[in-house]
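**Q** The structure under discussion is supplied below as structure tokens; questions concerning it will follow.
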Amino acid sequence: MSGRGADGARGVPVFSARSVEQAVSPTRAVEAVRDAFVAYARGEWTMPPKTYVTNYPAGDFRAMPALGGGYALLKWITSFPRNPLQGLPTVSGVVLLSDAADGQLRAVLDAGAVTALRTGAAAVLAAETLARAGAPSVAVVGAGVNGRAAARTFLARGRAVRVWDVNAQRTAAAARELDCEIAASLDDALAADVVVTVTPGHEVVVRAGSVRAGQHFSLMGADGPGKAEVEAAALVRARLFCDDWEQASHGGELAHAVESGAVTRANVTNLGRVLTGEAAGRTSDDEVTMFDSTGLAIQDLAVAIAAFEQVDELPLARLEL
């Protein structure tokens, strides 16, 4: 891979948020994340469990390791939902990319930018895989960093999108930044054929009464214990998919329904198995599909590798160790 041997002598390249965005386009991120899901489903990439270090109600820290494609990765990232009130980002941290053959650190990347890219990519990948063919309307609920990333990825894939956020100023800012439409209301957004929810996950957004036949939901916000964007009554109406059962059943959207017994392992299909052809996706136009994303280190690894492939094309700072 480009720059692999020389980087150690010249210092470790550091990808700022801007550098990550320059190195990996939204479309490239979708391709990379798709490949990661497939490699993980086939057992070619591995991912030990995510570890949480909690400091609730303020927030939590997460350590996320993965191995694949000749590299090992560790992401150390935070989720502090109240930070924006203080002018601070909700998500921050670093991604460390190491050579799996010799253990040498190859790159340091901004974790927030990597997370946004892979979150947007996963939301769109799930929608493209599970939504009914020709579904015309798309809406993103939640206009924070990751919600804007999802909207940006849809736009990059040639899909019009509407955005909505409980904060009207944030909605307007996102619409200006992305040059997209604003949904008239939450109900209007939830009526779209494809709905992506990217909220903090502390309050239910999707209720059973707002779900209609043929919709697809990419549920991206409930990425930790105690979070939920969808009530259990809505989940049981849908054909369910997730990024990883072990992670989703304990700390994702499905966790509350699994705990109550409303959803079991037999009710949920890993998206990677659909992508490899081992399992069916949508089976009819009237079916409601829901994808529970908890965020996987293999997705971060895929985006980090894609960024590192451009190491010689960007003016990067170097870290001397």
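**Q** With the requirement that a residue be surrounded by 21 or more Cβ atoms within 10 Å (Cβ to Cβ) and either farther than 18 Å from Ala255 by Cβ or touching a Phe, Trp or Tyr at 6+ places or on another chain (Cβ under 8 Å) (or both), what does segment 212-237 give you?
**A** Across segment 212-237, the qualifying residues are Gln215, His216, Phe217, Ser218, Leu219, Gly224, Val230.
**Q** Among Val95, Val140, Val108, Val124, which is modelled with pLDDT of 95 or more, in a strand (DSSP E or B) and not assigned by TED's automatic domain parsing to the domain that holds Val33? Break it down stepwise before answering.
**A** Numbers: Val95 fails: not assigned by TED's automatic domain parsing to the domain that holds Val33; Val108 fails: not assigned by TED's automatic domain parsing to the domain that holds Val33; Val124 fails: in a strand (DSSP E or B).
So the residue among Val95, Val140, Val108, Val124 that is modelled with pLDDT of 95 or more, in a strand (DSSP E or B) and not assigned by TED's automatic domain parsing to the domain that holds Val33 is Val140.
**Q** For segment 189-210, how many residues meet the condition of being under 19 Å from Val236 (Cα atoms) and touching a strand residue (DSSP E or B) at 6+ places or on another chain (Cβ under 6 Å)? I'd like the intermediate steps shown before the answer.
**A** Just the residues of segment 189-210 that are under 19 Å from Val236 (Cα atoms), to begin with: 190-191, 193-197, 201, 203-210.
In the following step, the residues that additionally are touching a strand residue (DSSP E or B) at 6+ places or on another chain (Cβ under 6 Å) were identified as 194-197, 205-206.
Total satisfying the criteria: 6.
**Q** Find the residue count for segment 9-37, including only residues that are within 16 Å of the chain's Cα centre (by Cα) and in a helix (DSSP H, G or I).
**A** Filtering segment 9-37 for residues within 16 Å of the chain's Cα centre (by Cα) gives 20-21, 24-37.
From what is left, the residues that are in a helix (DSSP H, G or I) are 20-21, 26-37.
Total meeting the criteria: 14.
**Q** Among the listed residues Gly226, Gly221, identify the single one that is assigned to a loop (DSSP other than H, G, I, E, B), touching a residue at least 40 places away in the same chain (Cβ under 8 Å) and not assigned by TED's automatic domain parsing to the domain that holds Glu21. Spell out how you get there, then give the answer.
**A** Working: Gly226 fails: touching a residue at least 40 places away in the same chain (Cβ under 8 Å).
That would be Gly221, the only listed residue that is assigned to a loop (DSSP other than H, G, I, E, B), touching a residue at least 40 places away in the same chain (Cβ under 8 Å) and not assigned by TED's automatic domain parsing to the domain that holds Glu21.
**Q** Can you tell me which of Ala150, Ala156, Ala208 is within 19 Å of Val230 (Cβ to Cβ) and touching a residue at least 40 places away in the same chain (Cβ under 8 Å)? Write out each step before concluding.
**A** Details: Ala156 fails: within 19 Å of Val230 (Cβ to Cβ); Ala208 fails: touching a residue at least 40 places away in the same chain (Cβ under 8 Å).
Only one candidate qualifies: Ala150.
**Q** Can you tell me which residue is nearest to Ser137 (Cα to Cα) among those in segment 168-206 that are modelled with pLDDT under 95 and loosely packed, with under 14 Cβ neighbours inside 10 Å?
**A** Per the stated criteria, the residue is Glu203.
**Q** I've got another one for you. Anything in segment 56-92 that is among the small types (Gly, Ala, Ser) and part of a strand (DSSP E or B)? List them, or say none. Don't jump to the end; show me each part of the working.
**A** Quick first cut of segment 56-92, residues among the small types (Gly, Ala, Ser) only: 58-59, 63, 66, 68-70, 72, 79, 87, 92.
Of everything in segment 56-92, those that are among the small types (Gly, Ala, Ser) and part of a strand (DSSP E or B) turn out to be Gly59, Ala63, Ala66, Gly68, Ala72, Ser79.
**Q** Okay, next question. Among the residues of segment 75-107, count how many are in contact (Cβ under 8 Å) with a residue 60 or more places away in the chain and of a type in the set (A, V, I, L, M, F, W, C).
**A** 4
**Q** Check off (1) in contact with an Asp or Glu (Cβ under 7 Å, 6 or more places away or on another chain); (2) in contact (Cβ under 8 Å) with a residue 60 or more places away in the chain; (3) surrounded by 21 or more Cβ atoms within 10 Å (Cβ to Cβ); (4) not small (Gly, Ala, Ser) for Ile298 and give me the number that stays unchecked.
**A** (1) is the only condition that Ile298 fails.
**Q** What residue, of Glu259, Glu253, is part of a loop (DSSP other than H, G, I, E, B) and of a type in the set (Asp, Glu)? Give the steps one after another, and end with the answer.
**A** On the way: Glu259 fails: part of a loop (DSSP other than H, G, I, E, B).
Checking each option against the conditions leaves just Glu253.
**Q** Just one of Ser293, Ser260 is surrounded by fewer than 21 Cβ atoms within 10 Å (Cβ to Cβ) and within 28 Å of Thr199 (Cβ to Cβ); which is it? Walk me through it before giving the result.
**A** On the way: Ser293 fails: surrounded by fewer than 21 Cβ atoms within 10 Å (Cβ to Cβ).
Only one candidate passes the filter, namely Ser260.
**Q** While we're looking at this one, here's another question. What is the one condition in (1) within 19 Å of the chain's Cα centre (by Cα); (2) under 13 Å from Val124 (Cβ atoms) that Gly158 does not satisfy?
**A** (1)
**Q** From the list Arg318, Arg237, which one is in contact with a helix residue (DSSP H, G or I) (Cβ under 9 Å, 6 or more places away or on another chain) and either in a strand (DSSP E or B) or at positive phi (or both)? Let's see the steps before the verdict.
**A** Working: Arg237 fails: either in a strand (DSSP E or B) or at positive phi (or both).
Checking each option against the conditions leaves just Arg318.
Listed here are the residues, each with its yes/no results for (1) β-branched (Val, Ile, Thr); (2) surrounded by 17 or more Cβ atoms within 10 Å (Cβ to Cβ).
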residue	(1), (2)
Ala29	no, yes
Arg34	no, yes
Ile77	yes, yes
Gly87	no, no
Ser92	no, yes
Leu109	no, yes
Gly112	no, yes
Thr119	yes, yes
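The values are calculated or read from the model by the stated rules, or taken from the named source; none is laboratory data. Note that the structure is predicted; figures quoted are calculated from it, not measured. Every residue, glycine among them, receives a Cβ derived from its backbone with ideal geometry; neighbour counts consider all protein chains shown.
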